[in-house]
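What follows is a set of notes on a single structure, which appears directly below.
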Amino acid sequence: MSEPVSSIKNLGPAYEAALTRAGITSAEALRELGADKAYARLLETGSKPHFIGYYVLVMALQGRPWNDCKGAEKAKLRKRFDAIKATSFDSDLSAFEAELDAIGVIKRA
């Protein structure tokens with residue numbers, strides 16, 4: 001039997017729901033995929049990029065507190081985040097979907 005994503009410390013129900021929308025439905029699948037690929041999937045499936053959300057995921061998969069990320073390590077993670085964002089987030093599509101939501105055509109989860 002698989003463990004829920006929320007069984008990983010620092011990843012709660014909201015993160016679990018976002019990962020489920022991205023097709024990542026268990027802690028085991030998340031660990032196997034890794035933080036970078038999982039975060040790319042989040043962006044590809046409509047989540048908005050947020051650096052803190054990314055490094056929380058990285059720290060959680062390392063079994064560390066989310067606020068343990070500092071200094072040079074945080075700077076390296078920022079570069080990884082920016083690279084993932086550049087290749088996995090379509091800002092034009094996101095803006096288009098936001099406009100559709102604003103006029104009531106779609107409801108983003």
Inset, instruction - Can you tell me which of 1-13, 22-34 comes out highest on packing, and rank the rest after it, using the mean Cβ neighbours within 10 Å? - result: 22-34, 1-13
Legend entry - FRET efficiency for residue 3 and residue 62, using Cβ-Cβ distance with R0 set to 25 Å, rounded to 0.05: 0.90
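Count the net charge of all other residues whose Cβ sits under 12 Å from the Cβ of residue 80, scoring Lys and Arg as +1 and Asp and Glu as -1.
Computed value for this residue: +3.
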Inset, instruction - Give a residue-ordered list of calculated ³J(HN,Hα) values for segment 83-89 (Karplus: 6.51 cos²θ - 1.76 cosθ + 1.60, θ = phi - 60°; whole Hz; x for Gly, Pro). - result: 5, 5, 4, 5, 9, 10, 10
Inset, instruction - List the extent of the Cα atoms of segment 12-78 along each of their three principal axes, largest first, rounded to whole Å. - result: 32, 22, 19
Inset, instruction - Read phi for every residue in segment 29-37 and hand back ³J(HN,Hα) as whole Hz from Karplus 6.51 cos²θ - 1.76 cosθ + 1.60, θ = phi - 60°, with x for Gly and Pro. - result: 5, 5, 4, 5, 6, x, 5, 5, 5
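Readers should treat all values here as calculations from the given coordinates under stated rules, not as data from a laboratory. The shown structure was predicted, so the numbers you read here are calculated from the model rather than taken from an experiment. With ideal geometry, Cβ positions are generated from the backbone for all residues, glycine too; neighbour counts draw on all protein chains shown.
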